[in-house]
Amino acid sequence: MGTDAPRISRHRGLKILGGFVVVVVVLALTATGIGIWTVHRSFPQTSGTLTIPGLQHQVIVRRDSAGIPQLSAGTAHDLFLAQGYVQAQDRFWEMDFRRHVTSGRLAELFGASQIDTDTFIRTLGWRAVAEKEVKLLDPVALAYYQAYADGVNAYLATHHGADLSLEYAVIGLQHPGYQPEPWTPADSVAWLKAMAWDLRSNLVDEVDRALLAKKLTPAQIAELHPPYPYVDHPTITDQGGGNDLATAAAATAVTTSAQGPDATGPVVSTAEAGPLADFKHTLEAIPQLLGPAGSDIGSNSWVVDGAHSATGKPILANDPHLGAVLPSVWYQMGLHCTTVSKACPFDVAGFTFSGLPGVVIGHNNRIAWGFTNLAPDVADLYLEKVTGNSYEYDGVQKPLTTHSETITVAGGDPVRITIRSSEHGPIVTGLTKDFAAIGTKHPATDDIPAGNYQLSLQWTALTPGHTAGAIFALDLAQNWPEFRASAANFDVPSQNLIYADVDGNIGYQAPGQVPIRKTGDGTVPVPGWSSQYGWSGYLGFDQLPSAYNPAKGFIVTANNAAVGPDSPVQVTKDWDYGYRANQITGRLQSLLDAGTKITVDTMAAIQADSYDANAATLVPYLTSLGVKGDAAKAIDLLRDWKFTDDANSAAAAYFNIFWKNLLHDAFARKLPASTAPGGGDRWFQVVAQQVRNPDSPWWTDASLGVEGRDQMFAQAASDAYREAVDLMGSDVKNWKWGSIHGLELTNASLGESGVAPIEWLFNRGPYPVGGSSSVVKANGWDAAAGYQVEHVPSMRQVISLADFDSSTWVNLTGASGHAFDPNYVDQAALWQADKTRPWPFSKSAVRDATADTLTLKPSGH
């Protein structure tokens, strides 16, 4: 693949401003004096005294040099009210933007360009489900949410327009007079739906298989969606025949197809593939507003018990991998009751979301926890026989459930939409002008006749659950039974919960609603007209994978298979393939075998591991080819390479360019464009299997004049050399992976407005970084698009249960959501260099780290 191919962007930017407005923006926001005043007026007050209506007693807000707030209050009510106020100080625009996303109201801010996005999200009904979940909250939890909302609204009462954030000055140019409405508990709860969507399991895999099924044999599809390599890679638990200590002990069996795909052209015509491909594009594009989505969204977490640590107590590490957005999806905070009691039971710190009360990931005074995505199969697509306003179900015509909603459009007329639902869930076809007659030529199996089908979506997150209240129970848990009790209510998104406590115990628990299917395994769309393909219920909590104080002394979760192939219950067929889990497990086991005690620094060093197992597999084949000419100079870089994707590595730069070209030349040319390989763990496994068969049909392409593995590798190596020269110059020794593998911190709302001065105001970077897709240092990129980083470890934490004050943490960006605030991106350089910050927790440590103190007082005091 040459370098003349343009970078394909899957981002859906909010392009909102016209040419005249650009001039106004430039004049207003860059003029001396006016620009500075506009920018600075929204920065939070961090010292002195403020009177806050609704408080019962005073609250102390201590911030360290990074602006990270630690709150101290006498009552739970005051603690959460202050949390709402302080988060609004730092991040209210982000909060307001998020609630417009989750309620399908972006067009209200950004105009007609967002009507399709709003229609899709309203069809899924995130906001409606959130409002139902608020009604399920117990009185105590509801009171916490309401106190949080009261704190936000206290801030809104005294701040307006650009006083709230610079973004409002920009929005005001298109939407004059816009004023945010009061915050409500449903605004907080709805964000959990957005996170569930980001972590929504295998819908894209379902669509991929359906697209491929028209032209490829089942054996060929199996080659592109291979099973989890249980022999090679570890499972989280040993349940179901899993091996939680596997570390590449053996090679996975090679699979080959009896007949290769047609290598002379695309296997599915554009006309055939269009409707289903459009739906896949929508699945991928909607979360761009939350950060790029894709197969690299995952996480690492692991815990080592006290017998193997230098402190004699457990140490826990966690780094969730999410889309790279600015500000970071996470917000660091401490919530401390002045005196821990029944009336005020909280003493917790960690990472939360702006707009959500409590702490999501972190530790309290006795336990610590981390999350990775379990990724159970919790969503299914159904082909529905729809006629007019009815659909067939068990031989009977049933009326579709319908209702209408109105989308308000800034600068335009309101748009009325009709939302339809079947027995299974909302009808998700026909949402935009690109969706038409989905399923016409895409039966899920040969047993389904061709016809005109609509597509419906059944997803656990569309059923009201209890996650919103489970967060508080998690914050308060003091031991393993209480931790598991909180996990039992963590319905959606289903996560791998990892645990440690001050008594020396470690554990793992998978929570969530995982459906039981009457027929099928959830890997392809199924007939919606028969109840035999529906769900019969959910797995019981005690059926879900769990481990407590395993004999090996550590637990690793990195989205790898939680159970073995003989598990009596199915969680999913589409696990992450375990490359990160394999490397973490191998490093820990090697240290323990050598008698080395694990420290906080050890854990942080493993988080920075950039070993590329894919390179270790492929480089020996590449260096043995005997390639001559210019490409040989590049291949020579690989001979002494240790397979680490370091930012300054010339070998890493060349290998990753080779990898992108190999995927294109061997696979993308033979597949529908919408199924083109983006790299990552699944394609690591696909190629690892095929490379051992030099005559695999995938290595042949008549139009390229290539036959067999060695010729295909030589072709990709030559293409990669030419591309590398175009990108980095002809001196191979000066190539650097970080020079093309950069992280652009892009503002989630206005960062892709299409207006350069606006993007300059809010975006930062690029930051040259190492790492890669499906390595522990998971700075992921999309091989179908380019080398720019799209997915990252969104934060890192290492928690010492022997001394919480010895723990460390770092965020991707900073505490502030205000452009040009000193804490806007102040942690990004630390994050880039794999460094962290001290994490004070005790009263004395928090006081010692304090740079600013703000006292919040109730009215009348």
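The values are calculated or read from the model by the stated rules, or taken from the named source; none is laboratory data. Quick caveat: nothing in here was measured; it's all calculated off a predicted structure. Backbone-built Cβ (ideal geometry, glycine too); neighbour counts: all protein chains shown. The area values use the complete protein model at the heavy-atom level, side chains included, leaving out ligands, DNA and RNA. Shrake-Rupley method; radii C 1.70, N 1.55, O 1.52, S 1.80 Å.
Please label the shape of the range 454-552 as rounded, prolate or oblate, based on the square roots a ≥ b ≥ c of the eigenvalues of the alpha-carbon gyration tensor (a/c under 1.5 means rounded; beyond that, a/b larger than b/c means prolate, else oblate).
Details: a/c = 3.51, a/b = 2.11, b/c = 1.67.
Because a/c hits 1.5 or more and a/b exceeds b/c, the range 454-552 counts as prolate.
Within 10 Å of each candidate Cβ there may be at most 12 other Cβ atoms; applying that plus a DSSP loop requirement, which trypsin sites (Lys or Arg not before Pro) in the range 106-172 survive? Write out the running numbers ahead of the final one.
On the way: sites: Arg122, Arg127, Lys132, Lys135; in loops: none.
Sites meeting the loop and neighbour criteria: none at all.
Pairs exceeding a 20 Å alpha-carbon distance, out of Lys633/Lys733; Lys193/Lys385; Lys313/Lys342; Lys552/Lys597; Lys670/Lys736; Lys215/Lys670: Lys193/Lys385; Lys313/Lys342; Lys670/Lys736.
Across the options Leu166, Gln220, Gly125, the greatest Cα extent toward the positive end of the charge dipole of the range 125-226 (unit charges at beta carbon of Lys, Arg, Asp, Glu) belongs to Gln220.
Taking label points 7 Å from Cα along the Cα-to-Cβ direction, Leu136 and Ser390 give a separation of 3.3 nm. When the chain is described by a simple charge dipole with +1 on each Lys and Arg Cβ and -1 on each Asp and Glu Cβ, the residue from Ala487, Pro234, Val810 located farthest towards its positive end is Val810.
Each label point was placed 7 Å from the Cα along the Cα-to-Cβ direction; for Ala112 and Ala157 their separation is 4.1 nm. Scalar couplings 3J(HN,Hα) for the range 460-467, obtained by applying the Karplus form with A = 6.51, B = -1.76, C = 1.60 to θ = phi - 60°, are 4, 5, 8, 9, x, x, 10, 4 Hz; x denotes Gly and Pro.
Sorting Val140, Val798, Val386 by accessible area puts them as Val140, Val386, Val798; the probe is 1.4 Å, largest comes first, and only protein heavy atoms count. Taking label points 7 Å from Cα along the Cα-to-Cβ direction, Asp601 and Lys857 give a separation of 4.7 nm. What is the dipole size for the chain, taken about its Cα centre, with +1 at each Lys and Arg Cβ and -1 at each Asp and Glu Cβ, in debye to the nearest 20? The dipole of the chain has a size of about 660 debye. With θ taken as phi - 60° and the Karplus curve 6.51 cos²θ - 1.76 cosθ + 1.60 applied, the whole-hertz 3J(HN,Hα) list for the range 584-601 is 5, 4, x, 5, 4, 5, 5, 5, 5, 4, 7, x, 7, 7, 7, 10, 4, 5 Hz, x standing for glycine and proline. The range 655-806 has equivalent-ellipsoid semi-axes of 33, 21, 16 Å, by the square roots of 5 times the alpha carbon gyration tensor eigenvalues, sorted largest first. The Cβ shell under 14 Å around Asp665 holds other residues with a net charge of 0, Lys and Arg each +1, Asp and Glu each -1.
For the chain, taking Cα atoms only, Rg and Dmax work out to 26.5, 84 Å respectively. Surface composition of the range 649-712: carbon plus sulfur atoms contribute 44% of the solvent-accessible area (1.4 Å probe, protein chains only, all chains present).
All other residues whose Cβ lies under 14 angstrom from that of Ala815 are scored, Lys and Arg at +1 and Asp and Glu at -1, for a net of -2.
Using a 1.4 angstrom probe, figure out how much accessible area the range 133-208 has per residue, in square angstrom, rounded to the nearest whole. Present the calculation step by step, with values, prior to reporting the outcome.
On the way: 2410 Å² over 76 residues.
Accessible surface, normalised per residue, equals 32 Å².
Computed from the Cβ-Cβ distance with R0 of 22 Å, the FRET efficiency linking Thr406 to Thr463 stands at 0.30. For the range 612-739, the spread of Cα coordinates along the three principal axes comes to 36, 30, 25 Å, biggest extent given first. In percent, rounded to a whole number, the relative contact order of the range 713-821 is 17, using alpha-carbon pairs under 8 Å and six or more apart.
Using a cut-off of 10 Å between beta-carbons, work out the net charge of the residues near Glu181 (Lys and Arg +1, Asp and Glu -1, Glu181 not included).
On the way: positive: Arg99; negative: Asp96, Asp187.
Local net charge: -1.
Less than 5 angstrom separates the built amide H of Ile516 from those of Ser536, Gly537, Tyr538, Leu539, all sequence-distant by 5 or more or on a different chain. Across the chain, Cα pairs under 8 Å and at least six residues apart give a relative contact order of 21 percent. In Å³ and rounded to a whole number, note down the convex hull volume per residue for the Cα atoms of the range 795-843. Normalising the Cα hull of the range 795-843 by residue number yields 76 Å³.
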